[in-house]
Structure formats: C-alpha cells, structure tokens
Amino acid sequence: MPVLSSPLPPALVIDALRYWLAKAVSDSTSMHGVFMDVLGMGVLISGESGLGKSELALELISRGHGLVADDVVDFRRIAPHAVEGRCPPLLKNMLEVRGLGLLDIRAIFGETAIRPKMRLKLIVHLVRRSVMENEYQRLPLEALSQEVLGLAIRKVVIPVAAGRNIAVLTEAAVRSTVLALRGIDT
C-alpha cells in the first residue's frame, strides 16, 4: 500500500497529483507529419512522402513561425478537449529537407524558432492536385475533421502544384480557423 505525506496543504497535493496522474495515464499516439506553431496555433502538416511538408515547414519557420516536431509527432490526450504534441527526444530541433539533409533549426534560426509543445488545433493535409479532384469536394458544405485520440480536429486539404504558395495558403487556413473558433464561419 503506497503511503504519501507532504507538508503542503492537502488541496495543493491533490491538484498536483491529479494533474500528474492525468498526464501519466493519458492516451497517446505517434503520427507522421510536421507539427508547427503557426500564428500561435498548433498545426500538423500531413500528406504522403515527397509532397513538400518539410520544405513548407522551412518556409514557415523563415516567416517567423515555430517548429515543434518533424517526421514523427508524439500526441497525448491531456484533457477532455485537448491533444498536445511534442517531439521525440531523438529528433528534437531537427528538420530533414531533401537535398539538404538534417538541419538543426535551433542553431540556424535561433531559440525562437523552436517550440517544446503545442496543442493540436488544425491539420493541413497536402495532396496532389489529381487526388484533390478525385477524392475531395472543391467547396465542402461542412468543415472537414480528422479524429486524433478520440477528438475531432479541424482539417484543411490543400492541393500541391507548381507555382502555388503553400505557406501563404497555410497561414490563411490558420487565420480562417481562428475566425471559425471565434464563431465567424464563412
């Protein structure tokens, strides 16, 4: 039988234990993609290999946004309405870009380009233009979502093609999501 004693008031001990136990036994999963802080919102950039997820992340970092994790993101359900993403320790601060190899984002862009964790609020899914035309509606009547650890996360599908500025489209998707969360839904 475990016994615990503390000189702290019981209410503080119970609150601290409740928080610690909730995190320790919460559901978790790993997902493929790049997890970013874009305009203060946790955004998972997903899509098949070779579509430019890491290049998009590098462009967003150069525009002042922050990297949480590249390639593998560890997600944990930390509250009834919150999923938090972190980087696995082995990949911390790293971004792999085809042709350049592994880049140490903290060393290149500084401390402000890295975030230790973020709450997942939006999934930006990159697809080839042909897939977009065959599998997705151009103007869906209802917002898309994807379930992560039992929580529906808003999802935006962006077709990738030569000449498109995906970084600007991603920022616009984040701004639109912020408005939608405030009740302004176009």
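Both radii were evaluated on the Cα set of the stretch 39-143; the Rg over Rh quotient, with Rh as the Kirkwood radius, amounts to 0.99. At a probe radius of 1.4 angstrom, the accessible area of the stretch 50-164 per residue rounds to 57 square angstrom. Is it possible to state the helix-based mean residue ellipticity at 222 nm for the chain, with each DSSP H run of 4+ residues giving -39500 (n - 2.57), the sum divided by total residues, to the nearest 500 deg cm²/dmol? What is it? Value at 222 nm, helices only, nearest 500: -8500 deg cm²/dmol. Taking every alpha-carbon pair under 8 Å whose residues sit at least 6 apart, the chain reaches a relative contact order of 21 percent. Taking the protein heavy atoms of the chain in the context of the full set of protein chains, the accessible area attributed to carbon and sulfur is 57 percent at 1.4 Å. Using a ≥ b ≥ c from the Cα gyration tensor of the stretch 101-186 (square roots of the eigenvalues), is it rounded, prolate or oblate, where a/c under 1.5 gives rounded and otherwise the larger of a/b and b/c decides, a/b for prolate? Taking the square roots of the gyration eigenvalues as a ≥ b ≥ c, the stretch 101-186 is oblate. Annotation for LEU181 and TRP20: the two label points, set 7 Å from Cα along the Cα-Cβ direction, are 3.0 nm apart.
Counted by Cβ distance under 9 Å from GLY66, the other residues give a net charge of 0, where Lys and Arg count +1 and Asp and Glu count -1. The listed peptides 19-28, 74-83, 45-54, 156-165, ordered by packing as a protection proxy, come out as 45-54, 74-83, 156-165, 19-28 (highest mean of other Cβ atoms within 10 Å first). Dividing the radius of gyration of the alpha carbons in the chain by their Kirkwood radius gives 1.04 for Rg/Rh. Rounded to the nearest 20 debye, the dipole size of the chain about its Cα centre is 260 debye, using +1 on the Cβ of Lys and Arg and -1 on the Cβ of Asp and Glu. Helix 166-181 versus the longest principal axis of the chain: what is the Cα-based angle in degrees, 0 to 90, to the nearest 10? With rounding to tens, the tilt is 50 degrees. Projecting the Cα atoms of LEU95, ALA162, LEU126 onto the charge dipole of the stretch 79-186 (Cβ charges, centred on the Cα centre) puts LEU95 farthest toward the positive pole.
The values are calculated or read from the model by the stated rules, or taken from the named source; none is laboratory data. As the structure is a computational prediction, the values presented were derived from the model and not from experiment. Because the Cβ atoms are built from the backbone with ideal geometry, glycine has one as well, and the counts that use them run over all protein chains shown. When the accessible area is computed, the model is the full protein with side chains, heavy atoms only, and any ligands, DNA or RNA have been set aside. Shrake-Rupley method; radii C 1.70, N 1.55, O 1.52, S 1.80 Å.
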